[in-house]
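The values are calculated or read from the model by the stated rules, or taken from the named source; none is laboratory data. All values derive from a computational prediction rather than experimental measurement. Methodologically, a virtual Cβ is constructed for each residue, glycine included, from the backbone with ideal geometry; neighbour enumeration extends over all protein chains shown.
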Amino acid sequence: MLHRIKRLNSLVKYVLQYIKTVFGHKLYPGRKKITVFLYHEISDEPTAFSQSFGLCVSNQVFRTQIAWIRRNFTIIHPADLLQPRQIPSNAALITFDDGFHGAYHNGISYLNEHKIPSLMFLNMGCILDQKPLESALACYYSSKENLQEIFPGLNLEKNTPLHLSINPRMMEEYLSIKSYSDYEKINRYQGELATVSEIMSYTDSGFHTLGNHLYRHWNAEALSDEEFMHMFNENRERLSDSEYVVDFFAFPNGQPGSCFSQRHLSLLKEAGVKKIFYSSGGINDDTDKLLLNRTALFETDNTKWKLWKRLVIANLIGNNHSYLV
Ligand SMILES: [Zn+2]
């Protein structure tokens with residue numbers, strides 16, 4: 001009986017949230033709400049790495065999703081976030097992480113063509129060297145051999161996976177034992193990253209802007225505070241070469257707790273960063289907050305009903321993390 005009441009209760013909650021999600025902006029036009037969408041790769045040929053994390057959206061589904069976002073939201077330019085008075089009700093921001101070649105070639109080229117603003121968070125170290133993201137390297141190595149033998153101090157079964165726990169010292173140690181540096185093979189497993197000149201050609205439109213994702217794709221929780229800030233500052237410095245940059249930061253991997261914590265937020269706030277993004281799939285009720293949540297869209301979100309469902313869940317998740325910034 002109690003179980004039934006609980007189920008009914010969550011059903012009522014879901015229905016109410018559904019109504020609020022679909023009609024909310026009409027009922028409360030003055031609210032400074034923002035939905036930040038997150039993409040990684042746009043391609044009809046997903047790589048093994050992007051498939052294992054659901055990172056790739058096909059061209060057709062991407063266009064369906066963008067058309068739905070345009071119908072139901074006002075898409076803002078990232079710089080508008082710094083002028084909260086200008087933010088319309090039911091605003092959306094379209095963001096990407098990591099700088100995949102397909103995200104540019106298939107996604108941002110389409111957005112630029114339709115004069116739709118977008119924001120890409122980059123690890124400039126990986127882009128400049130054209131070497132794989134550290135998270136992809138860790139996943140590739142994990143799939144190839146028994147890492148427990150190489151890192152006996154690490155309990156990969158019980159603790160977090162290697163791509164969240166590996167740090168620069170471990171990577172160096174691993175490469176010194178294995179002298180594994182078949183980056184071309186790993187790039188194929190991961191998917192190619194765009195080059196600096198490609199990225200710059202997309203920013204020239206004025207619709208595409210760049211943000212900071214650390215100099216390399218380490219998990220913030222696996223770094224010391226000094227390493228974290230060094231990676232943050234080095235990337236900030238490299239990005240400042242372009243005029244199409246906002247001083248925004250997005251955490252690699254993006255989950256509160258396993259990927260970042262309060263101490264990172266305090267360090268970033270002290271450094272004067274203008275906005276910080278994470279990605280636990282929620283919607284923000286207040287654009288003025290320094291810390292904003294993002295909602296990834298997936299290949300399976302391929303009809304308007306599935307997209308509304310994604311949004312209802314995102315509204316239920318919200319931006320109610322326990323961190324204070
Ligand atoms: Zn990333």
(message) Being under 20 Å from Gly254 (Cα atoms), at pLDDT 85 or above and charged (D, E, K, R) is true for just one of Glu134, Glu192. Which residue is that?
(response) Glu134
(message) Given the condition at pLDDT 95 or above and under 30 Å from Lys115 (Cβ atoms), answer yes or no: does some residue in the range 220-229 qualify?
(response) no
(message) Can you confirm whether Tyr104 is surrounded by fewer than 17 Cβ atoms within 10 Å (Cβ to Cβ), away from the ligand (no atom under 13 Å from the Cβ) and modelled with pLDDT of 95 or more?
(response) no
(request) Keeping to the range 48-69, report how many residues are assigned to a helix (DSSP H, G or I), buried (at least 16 other Cβ atoms within 10 Å of the Cβ), among the hydrophobic types (A, V, I, L, M, F, W, C) and at pLDDT 95 or above. (result) 5
(request) Could you tell me which of the residues Ser266, Ser205, Ser197, Ser201 is part of a loop (DSSP other than H, G, I, E, B) and of a type in the set (S, T, N, Q)? (result) Ser205
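So which residues in the range 70-94 are assigned to a helix (DSSP H, G or I), buried (at least 18 other Cβ atoms within 10 Å of the Cβ) and touching a residue at least 24 places away in the same chain (Cβ under 8 Å)?
Taking the range 70-94 as the starting set, the residues that turn out to be assigned to a helix (DSSP H, G or I) are 70-72, 78-82, 84-86.
Checking which are buried (at least 18 other Cβ atoms within 10 Å of the Cβ) leaves us with 78, 80-81.
Residues satisfying the conditions are Pro78, Leu81.
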(message) Among the listed residues Val273, Val245, identify the single one that is under 26 Å from Ser118 (Cβ atoms), without any contact (Cβ under 8 Å) to a residue 40 or more places away in the chain and β-branched (Val, Ile, Thr).
(response) Val245
(message) Could you check the range 228-242 and list, in sequence order, the residues that are over 14 Å from Asn123 (Cβ atoms) and in contact (Cβ under 8 Å) with a residue 24 or more places away in the chain?
(response) Met229, Ser242
(message) So if I check each of Gly254, Gly282, which one is under 21 Å from His213 (Cα atoms), within 16 Å of the ligand (Cβ to nearest atom), in a loop (DSSP other than H, G, I, E, B) and not acidic (Asp, Glu)?
(response) Gly254
